[in-house]
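A.B. asks: Got a structure for you, written out below as structure tokens; questions coming shortly.
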Amino acid sequence: MDTLQAIAESLKEGQAAKVKELTQAALDEGISADNVLDNGLIAGMTVVGKLFKENEVFLPEVMMSAKAMDAGMAVLEPILLKSGKHESKGKVVLGTVQGDVHSIGKNLVGICLRGAGFDVTDLGINITTEKFVEAAKNGAQIIGMSALLTTTMQHMEPVIKALEQAGLKGKVKTIIGGCIVTQQYADSIGADGYATDAGSAVDKAKELMGLA
Amino acid sequence: MARDFLERLASGEVLVFHGPIHTLLEQETGRNLEGHMSEWIVNHPDEFQSVVKAQCAAGCDFVTPGTQGCGRYRLRPFGLEDKQYELILKSVQLAREVTPENCYLVGVLSTTGVFLEPIGDMTVDQIYRSFEEQIPPMLEGGVDIFSIAENDTEQIAIAIKAVRDHSDLPVIGRNLFYAGKRGIRTLMGVDAETASARLQEAGADVIGAVCGDISRPIEYSLITVKEMRRGCEKPLLIRPDAGLAQLIDDKIVQPVSPQEMASEVPKWIAAGASLVGGCCGTSLEHIKAISAAVKGEK
């Protein structure tokens, strides 16, 4: 097994110390930081996202793999920053809508999107329409909204309408999710996408960025 | 009062659990609750008490003070951590004032929203203390029973220990289950049978399943009861939500109707449930239908 495959395997197993060690080893072998990121860390994390989507692994495995990815990233980041070359797959801004404090699903989406190479900003919970629109105006290419209550999912449509009014429809895409949200709901409020879980969110984000 | 709760269950009685306070407050007041729900409750005592009374009139045997967001990690994003004692005490007192003689006031311990090491950053001790500090104001306010729901069964076990260390009141431990390709499991991947066995081992007096995703279709809730029964011998609580919401004519409609939920009740009881109810998205109509179904089974 070559070093990059070993990195991906150890990442899948959630072995942070091993991933850190192998990442350094890969660099010492002369493999570029970009290559280690794409074919070591992102490759491993993408598999984890797929396994999560299939219910083969659950939240604990995703979070342990995320820690392993962070350990590898800590080694790569200074080099990537210096070369300034690595482009993310897209800028995503996530948030749980106004009045809602649920965050676990949203956090898993953030982990998997970062793991797939997206640049993710997580605004947190209880996020107003204004804050989502501001993020869109500041360069977000995808806005991801999460809601878990029937009473708060109603805050999704105003965000989509506000983006339209700001002339951003089509330029900034929206994906929605949350246990009670459905494809039917997404279609009826004009969201560009809907995802049932973090793994599916990655697929949808790639599709919306024309990367599928 | 609290003693008699467990005796009633032991004698085979079936009780109706309280509804989802956030959904009901917004439905009945027709308004969005702004900010932290418990702060809203304390600032709108009349509206809160009217919803409590409406639930009991609809057939609930339990009252919730809506304190599931009063743990320190939940209060922190709202800057309300130092108001914890006061928010819990006032919520419980408001609920106590209008809890009918034959109903039980539940001390609803807050979900933490954080994870234990190594998955997250919290130690067992930190989680224990975050549950422990909620107990004194609940006891002062006069709760009859404690209840705790968490995504991580281990955190429920820690909460049960905190309750046991400070009170003899009964405690209901509730897992959240999600139906998926590998059956009915918690977010952590633990199946319903194992998770229920764990709670029996941890000392829960009643073991339950709430919320999560076991109502699409609603038949998954019955499967959940059966699996819980295989894992433990304690009285069981089943409280699924009303299914995935749909937007129909600009209104949010939950597909599991009161009648559909009510028709599951006899099956839940036959499979071993002693406490039945509905979670997110259920209305007073659902509660009335569930209550009628329970009475019909007597």
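Just so you know, all these numbers are worked out from the coordinates, no wet-lab data involved. Quantities reported herein were computed from a predicted structural model and do not represent experimental measurements. FYI the Cβ positions are ideal-geometry reconstructions off the backbone, even for glycines, and counts take in every protein chain you see.
A.B. asks: Got a number for residues in segment A:70-99 being assigned to a helix (DSSP H, G or I) and away from chain B (no Cβ under 14 Å)?
C.D. replies: So the count comes out to 12.
Conditions tested, residue by residue: (1) of a type in the set (A, V, I, L, M, F, W, C); (2) within 14 Å of chain A (Cβ to nearest Cβ).
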| site | (1), (2) |
| --- | --- |
| B:199 | yes, no |
| B:204 | yes, no |
| B:241 | no, yes |
| B:247 | yes, yes |
| B:264 | no, no |
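A.B. asks: Go through (1) in contact (Cβ under 8 Å) with a residue 60 or more places away in the chain; (2) closer than 20 Å to residue B:281 by Cβ one by one and return the number of the condition residue B:213 breaks.
C.D. replies: (1)
A.B. asks: So residue B:119 fits all but one of (1) within 26 Å of residue B:215 (Cα to Cα); (2) within 14 Å of another protein chain (Cβ to nearest Cβ); what number is the exception?
C.D. replies: (1)
A.B. asks: Name every residue in segment A:100-126 that is within 11 Å of chain B (Cβ to nearest Cβ) and in contact with an Asp or Glu (Cβ under 9 Å, 6 or more places away or on another chain), in order of residue number.
C.D. replies: A:103, A:105, A:107, A:108, A:125, A:126, listed by residue number.
A.B. asks: Residues in segment B:53-64: is at least one in contact with a strand residue (DSSP E or B) (Cβ under 8 Å, 6 or more places away or on another chain), over 24 Å from residue B:155 (Cα atoms), more than 14 Å from chain A (Cβ to nearest Cβ) and charged (D, E, K, R)?
C.D. replies: yes
A.B. asks: Suppose we filter segment B:276-298 for residues that are under 23 Å from residue B:22 (Cα atoms) and assigned to a loop (DSSP other than H, G, I, E, B); how many remain?
C.D. replies: Number satisfying all stated conditions: 7.
A.B. asks: Restricted to segment B:266-281, and to residues that are touching a residue at least 60 places away in the same chain (Cβ under 8 Å) and more than 14 Å from chain A (Cβ to nearest Cβ), which residue is farthest from residue B:235 (Cα to Cα)?
C.D. replies: Restricting to residues being touching a residue at least 60 places away in the same chain (Cβ under 8 Å) and more than 14 Å from chain A (Cβ to nearest Cβ), the top hit is B:277.
A.B. asks: Given segment B:77-186, what helices (runs of 4 or more DSSP H) lie entirely inside it while holding 3 or more residues that are touching a strand residue (DSSP E or B) at 6+ places or on another chain (Cβ under 6 Å), touching a residue at least 12 places away in the same chain (Cβ under 8 Å) and under 26 Å from residue A:63 (Cα atoms)? Walk me through it before giving the result.
C.D. replies: Numbers: elements: B:84-97, B:124-132, B:135-141, B:153-166.
Of the helices (runs of 4 or more DSSP H) lying wholly inside segment B:77-186, those with at least 3 residues that are touching a strand residue (DSSP E or B) at 6+ places or on another chain (Cβ under 6 Å), touching a residue at least 12 places away in the same chain (Cβ under 8 Å) and under 26 Å from residue A:63 (Cα atoms) span B:153-166.
A.B. asks: Is there a residue being outside any loop (DSSP other than H, G, I, E, B) and without any contact (Cβ under 8 Å) to a residue 40 or more places away in the chain anywhere in segment A:138-145?
C.D. replies: There is no residue in segment A:138-145 that is outside any loop (DSSP other than H, G, I, E, B) and without any contact (Cβ under 8 Å) to a residue 40 or more places away in the chain.
A.B. asks: Check segment A:168-184 and report whether any residue there is of a type in the set (Gly, Ala, Ser), within 12 Å of chain B (Cβ to nearest Cβ), outside any strand (DSSP E or B) and in contact (Cβ under 8 Å) with a residue 12 or more places away in the chain.
C.D. replies: Yes, that holds for at least one residue.
A.B. asks: Same structure, new question: Could you check residue A:150 against (1) away from every other protein chain (no Cβ under 14 Å); (2) over 15 Å from residue A:95 (Cα atoms) and say which number it fails?
C.D. replies: Status for residue A:150: all satisfied but (1).
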